[in-house]
Amino acid sequence: MNEIINAPLYRALVHHMEKKSISFHVPGHKNGEVFTMGAESVYENLLKIDVTELNGLDDLHDPQEVIKEAQNLLTKYYKTEKSYFLVNGTTVGNIVMLFSTVNAGEVVLIQRNCHKSILNALAIIGATPVFLSPEVDNTTVTATGLSYKQVKEAVKTYPKAKALVLTNPSYYGYAQDLTSIVEVVHSNDILVLVDEAHGAHFSLGDPFPKSAIYSKADIIVQSAHKTLPAMTMGSYLHINNKELIQKIEYYLQVFQSSSPSYPIMASLDLARDYIQSLTNEKKLTIILSHQAFKRKLQAIEGIKLVTKAVNGNYKIDPLKVIIQSTNKISGYAIQKCFEAYGIYTELADPKNVLLILPLAQINNQEDIIRKIKTALKGVKASNREVSFNTDYKEIHSITELAISYREMEKRSVTERLLEKCIGHIAAEAIVPYPPGIPVIMPGEIIIEEKINEIIFWKNEGARFQGKSNLNTIKVFAD
Ligand SMILES: Cc1ncc(COP(=O)(O)O)c(C=O)c1O
């Protein structure tokens, strides 16, 4: 075993694997010995550490030994009150965060462009959400975050709110320093909960944005698997507020599997060791390598990179590369050409293509650049689409629901033509991408302005999440 790796859970698993023990326990693949023929070679190594709560391997739901040790190292590295491994992603982290802090009927201030796990949790809890519309960056036409002014106004209007739920950074990497927002919210005795799914690497400090952990938010959830070398579904939940520990620990074992994956947990242990071992020197090497790569991309004819935010106090996470066409080619068309040359991107929308860089040097830069150049030459005139080009005009800023989540559960749902929805209560969210901000949330009254906004985005070429036919909207029956 590599003696340099300081990851106690990973080491304990390897130690167990090396014993070549006989398995009469779950899982059914018995250390990989029983498996579908022909597929073993792909899974083989991983299955050897895919075990269960055996002696010496601790228990995530009552950690006393190696998992406790690994989580202590995580806590120490991120400098929190307490940090935890999550095996069901930031999805479960967000759900646990809300169940631990909010009760039925309580008011919660929510950044409107939040992940669905936040909305699902609020609906199941039966909380009373108040939605705050985020700012939008005009270069990418994507949602960024809430301004200090908006938050200050919201806490003044809703002094009894239990919590403010923020998403920082955005999917595209726009991030702001949350310190002054956290201070003003805390001074009103309101909790600050942050979905930092895309910011597990922010602990590295400059030039990466500041983590909400160091702005003293109460709970922060990070998808380690998104930007650190951890397995999919591996996330971290961090607490800065001691008073919340007991409830968090209760809900962690309510919502997470009672058979948490050891390969995922060990990868979280290793990912912490990986980022912790990035000395300033190593960090600089990575940053210089990224900068060189971006310069080469920037020099390619037909594309440009978005490197700065033009609205508000945001910076773009250096791990995110936003590419736009200079020839009115849509993000989707660029993404498709890249794929034809084996380059898979994180996402595309009508205007942008998003790449997430590795937290490591990019070694094969010349080869990648060559492929991209060839790929772009292949964009045929038929692939050209009108580029998404608009100044975002905010229509809704602070909104409440017309009926509670509990009431929504009782009502039946019907479908109405777009123009016949005005005055009815929406039973589904309508979310154009970009900018990824729900125009309509379930439970909101549909006003004429919102129908106009939907038509506007439709004409701009936005795609609507989960909706191929936008002639109708689901509404609650009266
Ligand atoms: C902002 C945000 N929050 C939460 C999630 C869910 O995270 P996970 O995939 O770790 O469950 C995502 C996933 O894309 C996300 O973008």
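Here, each number is a calculation from the coordinates, and none is a lab measurement. On a predicted model such as this, the values are computed, not experimentally measured, just so you know. Here the Cβ positions follow ideal geometry from the backbone for every residue, glycine too, while neighbour counts run over all protein chains shown.
Structural remarks
- Restricting the stretch 197-218 to residues that are within 16 Å of the ligand (Cβ to nearest atom) and within 17 Å of Val151 (Cβ to Cβ) leaves a set whose member that is farthest from the chain's Cα centre (by Cα) is Ala217.
- Of all residues making up the stretch 86-97, the number that are in contact with a Ser or Thr (Cβ under 9 Å, 6 or more places away or on another chain) and either more than 16 Å from the ligand (Cβ to nearest atom) or in a helix (DSSP H, G or I) (or both): 7
- The set of residues from the stretch 100-157 being among the aliphatic types (A, V, I, L, M), over 18 Å from Glu444 (Cα atoms) and part of a strand (DSSP E or B) comprises Val136, Ala143.
- Matching residues in the stretch 93-119 - criterion: being within 17 Å of Gln256 (Cβ to Cβ) and of a type outside the set (A, V, I, L, M, F, W, C): Gly93, Asn94, Ser100, Ser117
- Output for the stretch 15-57, where each listed residue is surrounded by fewer than 16 Cβ atoms within 10 Å (Cβ to Cβ) and closer than 20 Å to Gln71 by Cα: His15, Thr52, Leu54, Asn55, Gly56
- Meets criteria (within 16 Å of the ligand (Cβ to nearest atom) and either surrounded by 15 or more Cβ atoms within 10 Å (Cβ to Cβ) or part of a helix (DSSP H, G or I) (or both)) for Ser83: yes
- Residue in the stretch 62-75 that is more than 23 Å from the chain's Cα centre (by Cα), under 24 Å from Ala200 (Cβ atoms) and part of a loop (DSSP other than H, G, I, E, B) present: yes
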